[in-house]
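> Structure provided below as structure tokens; questions to follow.
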Amino acid sequence: MSSETLSKFHDYCTLKRLSESTLIYYDTVLNYFLAFSGKDLFDVEVSDVIDYQLHLSNRNLSPATVRNYLLGLKVIFRYYGRLDMVEAIVLPKQSKKVVKLYTDDEIKSMFEALQTYRNQSIFLLMFDCGLRRSEVINLSTKSVDFIQRQIIVSGKGDKQRIVKIGNALYSCLLECYSLSNKYLLRTKQGGQLTPSAIYKVFANIKNKTGIHVTPHLLRHNYATRYVIHFLENPQYNVDIFQLQLLLGHESLETTKRYIHIAQELLAVKHGFSLFDCYCS
């Protein structure tokens, strides 16, 4: 595949305001497929795509990993008009996994394990505001309004949304806020946060508390707890549409996943033993 042809796809991604990490993802899945086929993108046939899918399935990869490889290819093939290839790609069903919902004590333990206001801010931005790792990294100093107690977040596709600053986060941000710096949260050298710096924060939590935690798990906990809260407290008049806005989801279907998760957790919480009630 010529660099000129690939450049056109990059231009398309740029026009869609996709992130640099998304571009790297597309390059990775495309290069892996082309290396397997040994052909140029415009020379591959449906049989090559089928062989590639069989190759992935034989590698004992998780369904989620296989989907990641194939979803990127579908986007690329669709862009170049190879609809025969798009139709030939069969995405495996994702297995349903119960994602960890942390207890109040676990949340407090993880927060208290962090010794700096910067690290506590990182934790709260994900758990208390539902921000993605990339969104935390790119937060600018100008995005914070301490008077209104809110932050303007630039999410995927450069779409902006507003999130509320809670009392604990407000206190932490005040301590590490600096008008002289472009970025809200910084490395020790004063530069922009990196994925590696955030990884070290969560590794530190694991070392001190024994609790496995990631940015995605904190965001998941934020969303699930939000749904549980409005299901148990309908008087607050909040709904799934508000959560969609707070999470920055483009599709409501993505947000609706959390309704099912929350309902399942509530069913367990309020469940009872038939044997204990009637047979013991």
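> Pairs of alpha-carbon atoms within less than 8 angstrom and 6+ residues apart define the contacts here; what relative contact order does the chain have, in percent? It would help to have the intermediate numbers written out before the result.
Details: 269 pairs, mean separation 43.8, N = 280.
About 16 percent, as a whole number.
> Highest mean first, how do 38-46, 210-218 rank when packing is the count of other Cβ atoms within 10 Å averaged over residues?
210-218, 38-46
> Which translational diffusion coefficient, to the nearest whole µm²/s, is obtained for segment 61-158 from the Stokes-Einstein equation, given a Kirkwood hydrodynamic radius over C-alpha pairs, 4 °C and 1.567 mPa s? Please report the intermediate quantities before stating the final value.
Numbers: Rh = 17.4 Å.
It comes out at roughly 75 µm²/s.
> Can you flag which of K100/K269; K39/K74; K164/K188; K142/K182 are past 19 Å Cα-Cα?
Long pairs (Cα-Cα over 19 Å): K164/K188.
> How would you classify segment 147-245 from its alpha-carbon gyration tensor, with a ≥ b ≥ c the square roots of the eigenvalues: rounded for a/c under 1.5, else prolate if a/b is greater than b/c, otherwise oblate? Kindly include the intermediate steps, with their values, before the conclusion.
Working: a/c = 1.91, a/b = 1.34, b/c = 1.43.
Oblate, because a/c is 1.5 or more while a/b does not exceed b/c.
> From the phi of every residue in segment 36-43, what ³J(HN,Hα) in whole Hz does the Karplus formula 6.51 cos²θ - 1.76 cosθ + 1.60 yield, where θ is phi - 60° and glycine or proline is x?
Residue by residue, segment 36-43 yields 5, 6, x, 10, 6, 4, 8, 9 Hz.
> How large is ³J(HN,Hα) for each residue in segment 215-228, as worked out from phi by the Karplus curve 6.51 cos²θ - 1.76 cosθ + 1.60 (θ = phi - 60°), to whole Hz, x for Gly and Pro?
Ordered by residue, 3J(HN,Hα) equals x, 5, 5, 5, 5, 4, 5, 4, 5, 5, 5, 4, 5, 4 Hz.
> If you count, for each residue, the other Cβ atoms within 10 Å and average over each peptide, how do 133-139, 251-257 line up from highest to lowest?
Put in order of decreasing packing, that is 133-139, 251-257.
> Also, I was wondering about something else. With angles folded into 0 to 90 degrees, how steeply does helix 252-269 sit against the dominant principal axis of the chain? Use alpha carbons for both and round to 10.
That helix lies at roughly 50 degrees to the long axis.
> Could you list, bin by bin from short to long, the percent of Cα-Cα pairs of segment 166-212 in 5 Å steps?
Calculated over all Cα pairs of segment 166-212, the distribution is 5, 18, 19, 20, 25, 10, 3, 0 percent.
> Net charge near S37: determine it from the other residues with C-beta under 11 Å of the C-beta of S37, scoring Lys and Arg +1 and Asp and Glu -1. Kindly include the intermediate steps, with their values, before the conclusion.
On the way: positive: K39; negative: D40, D43, E45, D48, D51.
With Lys, Arg at +1 and Asp, Glu at -1, the net is -4.
> So what are the chain's ellipsoid semi-axes, whole angstrom, largest first, if each one is the square root of 5 times an eigenvalue of the alpha-carbon gyration tensor?
37, 28, 18
> Pop out the Kirkwood hydrodynamic radius of segment 3-88 from its pairwise C-alpha distances, inverse of mean 1/r, in Å to one decimal.
Across segment 3-88, the inverse of the average 1/r is 13.4 Å.
> Still on this model: Per the Kirkwood definition applied to all pairs of different Cα atoms, how many angstroms is the hydrodynamic radius of segment 225-280?
Final number for the Kirkwood radius of segment 225-280 is 12.8 Å.
> For helix 195-209, what angle does its Cα long axis make with the longest principal axis of the chain, in degrees from 0 to 90 and rounded to 10?
For helix 195-209, the angle is close to 50 degrees.
> Which value in deg cm²/dmol, rounded to the nearest 500, describes the helix-derived mean residue ellipticity at 222 nm for the chain, given -39,500 (n - 2.57) per DSSP H run of n ≥ 4 and division by the residue count?
So the helix-based figure for the chain works out to -18000 deg cm²/dmol.
> Net charge around K164, counting only other residues with Cβ within less than 12 Å of its Cβ (Lys, Arg = +1; Asp, Glu = -1)?
Its environment carries a net charge of 0.
> Give the aspartates and glutamates whose C-alpha is closer than 20 Å to that of K108, dropping any in the same chain fewer than 8 places away, or say none.
D128, E175
> Continuing with the same structure: Any chance you could give the angle, 0 to 90 degrees and rounded to 10, that helix 3-15 forms with the longest Cα principal axis of the chain?
Helix 3-15 and the main axis of the chain meet at about 30 degrees.
Just so you know, all these numbers are worked out from the coordinates, no wet-lab data involved. This one's a predicted model, so the numbers in the text were calculated from it and none came from an experiment. Glycine gets a Cβ as well: all are built from the backbone with ideal geometry, and neighbour counts include every protein chain shown.
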